[in-house]
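Enquirer: Pasting a structure here, questions to come.
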Amino acid sequence: MGAGVMVTLAGMAGMVALFGRTFGGPDRAGLCAVALLAPALALAFSIARLARHRFFNAEDIDGSASSAGSDTARQLQSLLQNTLEQAVLAALAYAGWCALAPDFLMPALPAAALLFLLGRILFFAGYAHGAQSRAFGFALTFYPTLALVFGDAGFVIVNAAGLLRQFAAGG
């Protein structure tokens, strides 16, 4: 997990350092849409894997409401559930970042999206081998999103403080 934090910080800070100064006034809606492709692709992949398994497996074709399901179906369902949770959090964090972050910090968003996708790939690959094998993938999925959530909260606090000062000054 510590390596995931380090890769997150290096990746996001590296993108900001490389592209932050030249990132003047990007199309925020377009950038947000592109970044949202990462969680959308991971979620679509998870849904497709479970659907494909169910379609070709007589034990699981009726869905989890009709049976306990095979070990494979339960594992794929767990991967789907975790991916859904991560995708929803990422979508909210990405939308907040697009609305609140200053231009020079916008390169952190595509970095977070790329790390999300890489993290999901590693999480899927390591899932069957236990917690230690999936930890790095989880970290690369979660920590960039968490960094954006904390950044979003910071932007809200700073903006609220400025609005309060304006209000107090009568303007």
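The values are calculated or read from the model by the stated rules, or taken from the named source; none is laboratory data. These numbers were taken from a predicted model, which means no experiment stands behind them. Note that each Cβ is placed from the backbone with ideal geometry, even for glycine, and that neighbours are counted across all protein chains shown. The accessibility values were calculated without ligands, DNA or RNA, using every heavy atom of the protein model including side chains. Shrake-Rupley method; radii C 1.70, N 1.55, O 1.52, S 1.80 Å.
Enquirer: Six or more apart or on different chains, Cβ under 6 Å: which pairs go from a residue in the range 139-167 that's aromatic (Phe, Trp, Tyr) to one that's part of a helix (DSSP H, G or I) and surrounded by 20 or more Cβ atoms within 10 Å (Cβ to Cβ)? Could you list them?
Expert: Tyr143/Gly4; Tyr143/Thr8
Enquirer: Something else about it: Give, as residue ranges, the helices (runs of 4 or more DSSP H) completely inside the range 67-171 that count at least 2 residues that are exposed (fewer than 14 other Cβ atoms within 10 Å of the Cβ). Write out each step before concluding.
Expert: Details: elements: 71-100, 108-126, 131-168.
Here the list reads 71-100, 131-168.
Enquirer: Mind listing whichever residues of the range 56-66 are open to solvent by less than 80 Å² (accessible area, probe 1.4 Å) and of a type outside the set (Gly, Ala, Ser)? Break it down stepwise before answering.
Expert: Going residue by residue through the range 56-66, those that are open to solvent by less than 80 Å² (accessible area, probe 1.4 Å) are 57, 60, 63-64.
Matches in the range 56-66: Asn57, Asp60.
Enquirer: Among the listed residues Ala73, Ala112, identify the single one that is small (Gly, Ala, Ser) and either within 24 Å of Val5 (Cβ to Cβ) or modelled with pLDDT of 95 or more (or both). Spell out how you get there, then give the answer.
Expert: Working: Ala73 fails: either within 24 Å of Val5 (Cβ to Cβ) or modelled with pLDDT of 95 or more (or both).
Selected residue: Ala112, the only one of Ala73, Ala112 that is small (Gly, Ala, Ser) and either within 24 Å of Val5 (Cβ to Cβ) or modelled with pLDDT of 95 or more (or both).
Enquirer: Among the residues of the range 31-55 satisfying the criterion of being under 15 Å from the mean Cα position of the chain (by Cα) and not aliphatic (A, V, I, L, M), which is most open to solvent (accessible area, probe 1.4 Å)? Break it down stepwise before answering.
Expert: Step one: list which residues in the range 31-55 are under 15 Å from the mean Cα position of the chain (by Cα), which gives 31-46.
Then drop every residue that is not not aliphatic (A, V, I, L, M), which leaves 32, 39, 45-46.
Numbers: Cys32: 16, Pro39: 5, Phe45: 104, Ser46: 5 Å².
Restricting to residues being under 15 Å from the mean Cα position of the chain (by Cα) and not aliphatic (A, V, I, L, M), the top hit is Phe45.
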